[in-house]
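I have placed the structure first, in the form of structure tokens, so that the comments after it can refer back to it.
Nothing in this text is a laboratory measurement; each read-out follows from the coordinates by a stated rule. As the structure is a computational prediction, the values presented were derived from the model and not from experiment.
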Amino acid sequence: MNRRQSLKWMIGLSVAPLTSRGIAWAGESAGSPLLKKSKSEWASLLQPAAYRVLFEEDTERPGSSPLDREKRDGIFVCAACYLPLFDSTKKYESGTGWPSFWQPLPGAVGSKTDFKLIYPRTEYHCTRCGGHQGHVFDDGPPPTGKRYCNNGVALKFVPRADKLPVLRT
Ligand SMILES: [Zn+2]
């Protein structure tokens, strides 16, 4: 291992524990997403239910989203900015009434701890627009043991054969 490789390795180590514990990504500061729009702009672009989840951190009623029962092969993109967030091969039936995944696409979501209920929970959001997606728990299936519990209204499903939407700007 030369010096550059070992440096990379050390940087990798210093970042990995942060992300796996669900603390904000290194380099990402909360509230400064890559795509910046005011709440009123988002409110004018999105359906009210989607806006409330994505930008007011609301939670949809369990079982209310057809995406909970979506079993086709494809990609789930952020309903606000269209960044691909999850692949259907990482989706599973959690029985909670919310679409659940055991892994997001690399770099697609960032997270922070919230205290909306009495106990702390790890919320996660789209790294591009900052839109709230759901909460991640440690009771998921192998290989990650994670359960990304997502609001269906914050996602759009794109079948594998279809073109992904152009990212919203
Ligand atoms: Zn987004």
Pairs over 26 Å Cα to Cα, from Lys71/Lys116; Lys36/Lys91; Lys36/Lys116, come to Lys71/Lys116; Lys36/Lys91
Counting only residues 5 or more apart in sequence or on a different chain, those whose built amide H sits under 5 Å from that of Gly131 are Cys126
Of the convex hull drawn through the C-alpha atoms of the range 106-145, the volume per residue in Å³ is 70
